[in-house]
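Here's the structure, in structure tokens; my notes come after.
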Amino acid sequence: MRETEIHDVIVVGSGAAGAMAALRAAELGLSVLVVEKAHKYGGTSATSGGVMWIPNHQLTPNDDSREHALEYLGQLIDVPVQRDRLEAYVDQAPQMIRFLKSLGVPLVPSAWTDYFPHLPGARADRSIVCDTFDGRELGAKFTLMREQYTRFKLLNRYSMDLPEFFSISTRGKGWIQAFLKILWRYWSDLGTRALTKRDRRFTNGTALMGPLYKRIFAHGVEVRLETRLDELVLEQGEVVGVTVSNFGRRYTIRARHGVVLCAGGFEWNQELRDRFLPVPGLTRHSSSPEDANRGETLIAGMKIGAATEHTDDAWWIPTMHMPMPRASNFEEIHQAAFDVGRPHSVCVNRNGDRFVDEACGYDEFGEAMVADQLKTGANTPCWLVFDATFRKNYTAGGFMPTLIMPDLVIPPDWWDHYIFRAPTIEGLAAKIHVPVDALRRTIGNMNVYAQTGVDPQFGRGGNDYDRMFGDPAVSPNPCLGAIDTPPYYAVPINLGDLGTKGGLKADARARVIDSSGQPIPKLYVAGNNSGSPFGNRYPGAGGTIGPAMTFAFVAINDIAERSRARAASA
Ligand SMILES: Cc1cc2nc3c(=O)[nH]c(=O)nc-3n(C[C@H](O)[C@H](O)[C@H](O)COP(=O)(O)OP(=O)(O)OC[C@H]3O[C@@H](n4cnc5c(N)ncnc54)[C@H](O)[C@@H]3O)c2cc1C
């Protein structure tokens, strides 16, 4: 009978936080059920880059330390955060990584510059990815994991890892070999071709989730899909289970030792966006999976008295949308995070003015859009303006360089809607309704900065992070190139997100706390379902998945310790 169903732990949501909670619980001998609202498991995490930001990870010998990490975070964060939770993150993240390593998860340190490289304590070696994973190792569950978005696939079909993506999209060294190798690997895999169009080569977020789920399924853990949490069940002040809906049936499942909420943020709930975010933006500009994370668990937690924190912020990223290939009436969201800082381009608000160092981290870019919108009312969307040299060499959201996607193949009805083009700056300004004098002046300034290599307004290209995505062939500053080769183009850039930063308030042990600061017994939270330990800041690549997995690990350790203590006293 469903009503009498009981597990030691119920995990709600199957993204990075949920997967870590399920895996750690199973490894510690607890019985665990994962309930997942969507028709596929893996959450936003499977669609992501799969990068984890883990300071002091010690996978390779280096001189990073707890103190360096805390110094960096201390300089960075400029809203009040819980110091003990921040310290718990810095202390526990390396433990979580050690746990993954002990299970044989193939972890690879990756050379990403922290997003605020000028601050003391910043480094370029704190991000970790997983090596590619063979999806067929998941057996029958192979095709049930969420996949990488079409936009991250070569020619909308073939998996690419991040180095391949950067090499091919910028036609960097070795891109042709990488391109051909990807095609060969896919078409020579005859066994999988007979089964599905899906590439068995899991990269990025799926490469992270693959090894976790392989081990979760090996423990016999059930991931119950199409099962949405509606309510938390509270008895005598403690959380004893969840009420879920599954294909229209509503039933209760009991949890002996704890419920761990890992159901992501509220980015797909316009009502909550309007209520919490100072510039709410639109759900449809979010780049997380459509309609998945609607904040039901945030609402359920608030209903039983949980406190919240940092709900006024999101993990921002500039996005644009374009019709989806071969799908009627659908548009796909494209991230433009690295495009907005490439040379021969500039971003302007609708007054024709710049508002940010365009090559900064994507979250910082979004924060600047929010600030500019609040100040001028002329942002969200803003414009990415570029010339023919940019168009030839780089991507603009979903628009690939002309060698792969010449202007001629862009459908006629996309012009002046998804992308604008004019032979002169004046003509472009008229088309996008930006004051011509302002746009001319802004571009004139950028052309001077391209010559001197110095952007006195915002310092574009002035630090290691900016230059990581510049073009090394452009000098003196790889992020600044003259915007002087017609025709001129513009693409509208929206205030997109990767999820929201705030949620239920948790303590350093990942326990949900109420408005009086007391933990709600047996209720835990991790990932975007909780307030970020970093407050309003995104410290480096992997800054959301790192804490999501760490606090899921912490939550289960706490549950296991409590259950052991209870067993001992019994
Ligand atoms: C394209 C892209 C690339 C990204 N790259 C990175 C990166 O490399 N590194 C990084 O740190 N961050 C990255 N991010 C952000 C990151 O993916 C998310 O912040 C992170 O995955 C959140 O993990 P989570 O476990 O909290 O939530 P999710 O992975 O979103 O999982 C939440 C799950 O809960 C389910 N759920 C929601 N409501 C309910 C309910 N009521 N009942 C049951 N289940 C429910 C959802 O369906 C979902 O499966 C990226 C995001 C995107 C979109």
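In this structure, does residue 233 turn out to be buried (at least 18 other Cβ atoms within 10 Å of the Cβ) and more than 27 Å from the chain's Cα centre (by Cα)? Answer is no for this residue. Between 248, 205, 264, the distinction of being on the phi > 0 side of the Ramachandran plot and either in contact with an Asp or Glu (Cβ under 7 Å, 6 or more places away or on another chain) or in contact (Cβ under 8 Å) with a residue 40 or more places away in the chain (or both) belongs to 264 only.
All of (1) touching a Lys or Arg at 6+ places or on another chain (Cβ under 9 Å); (2) at pLDDT 95 or above; (3) under 23 Å from residue 339 (Cα atoms) hold for residue 204 with one exception: (1).
Any residue in segment 497-504 that is within 20 Å of residue 355 (Cα to Cα) and either crowded, with 17+ Cβ neighbours inside 10 Å or out of contact with any strand residue (DSSP E or B) (no Cβ under 7 Å at 6 or more places or on another chain) (or both)? The answer is yes, given that some residue of segment 497-504 is within 20 Å of residue 355 (Cα to Cα) and either crowded, with 17+ Cβ neighbours inside 10 Å or out of contact with any strand residue (DSSP E or B) (no Cβ under 7 Å at 6 or more places or on another chain) (or both).
Just to be sure, is residue 530 at negative phi and under 23 Å from the mean Cα position of the chain (by Cα)? Working first, answer last.
Working: at negative phi: yes; under 23 Å from the mean Cα position of the chain (by Cα): yes.
Here the answer is yes, as residue 530 does meet what is asked.
The number of residues in segment 97-154 that are closer than 17 Å to residue 361 by Cα and among the charged types (D, E, K, R) comes to 4. Of all residues in segment 399-421, those that are without any contact (Cβ under 8 Å) to a residue 12 or more places away in the chain have Cβ atoms under 6 Å from Cβ atoms of residues that are surrounded by 13 or more Cβ atoms within 10 Å (Cβ to Cβ) and not in a strand (DSSP E or B), 6 or more apart or on another chain, in 402/391; 402/392. Every listed requirement among (1) more than 22 Å from residue 537 (Cα to Cα); (2) within 14 Å of the ligand (Cβ to nearest atom); (3) modelled with pLDDT under 95 is met by residue 336 save one, (1). Return the pair list, or none, for Cβ contacts closer than 7 Å from residues in segment 15-29 that are over 9 Å from residue 553 (Cα atoms) to residues that are within 8 Å of the ligand (Cβ to nearest atom) and of a type in the set (S, T, N, Q), at least 6 apart or on different chains. From residues that are over 9 Å from residue 553 (Cα atoms), the pairs are 15/44; 15/45; 16/45. The set of residues from segment 532-570 being among the charged types (D, E, K, R) and assigned to a helix (DSSP H, G or I) comprises 558, 561, 562, 564, 566. In summary, residue 59 fulfils each of the numbered conditions (1) outside any helix (DSSP H, G or I); (2) within 16 Å of the ligand (Cβ to nearest atom); (3) among the aliphatic types (A, V, I, L, M); (4) out of contact with any His (no Cβ under 7 Å at 6 or more places or on another chain) with the single exception of condition (2). The set of residues in segment 517-531 that are assigned to a loop (DSSP other than H, G, I, E, B) and either more than 9 Å from the ligand (Cβ to nearest atom) or surrounded by fewer than 24 Cβ atoms within 10 Å (Cβ to Cβ) (or both) comprises 517, 518, 531.
The criterion of at least 2 residues that are away from the ligand (no atom under 13 Å from the Cβ) and over 24 Å from residue 20 (Cβ atoms) is met, among strands (runs of 3 or more DSSP E) falling completely within segment 216-317, by 227-235, 249-261.
When the helices (runs of 4 or more DSSP H) confined to segment 85-198 are screened for residues that are surrounded by fewer than 18 Cβ atoms within 10 Å (Cβ to Cβ) and within 16 Å of the ligand (Cβ to nearest atom), those reaching at least 1 such residues are found at 162-169. When residue 321 is tested against (1) farther than 20 Å from residue 492 by Cβ; (2) over 16 Å from the mean Cα position of the chain (by Cα), only condition (1) is not met.
If only residues of segment 123-151 that are of a type in the set (A, V, I, L, M, F, W, C) and without any contact (Cβ under 8 Å) to a residue 60 or more places away in the chain are counted, the one that is nearest to residue 74 (Cα to Cα) is 142.
The values are calculated or read from the model by the stated rules, or taken from the named source; none is laboratory data. Predicted, not measured: the structure shown is a model, and the values here were computed from it. Every residue, glycine among them, receives a Cβ derived from its backbone with ideal geometry; neighbour counts consider all protein chains shown.
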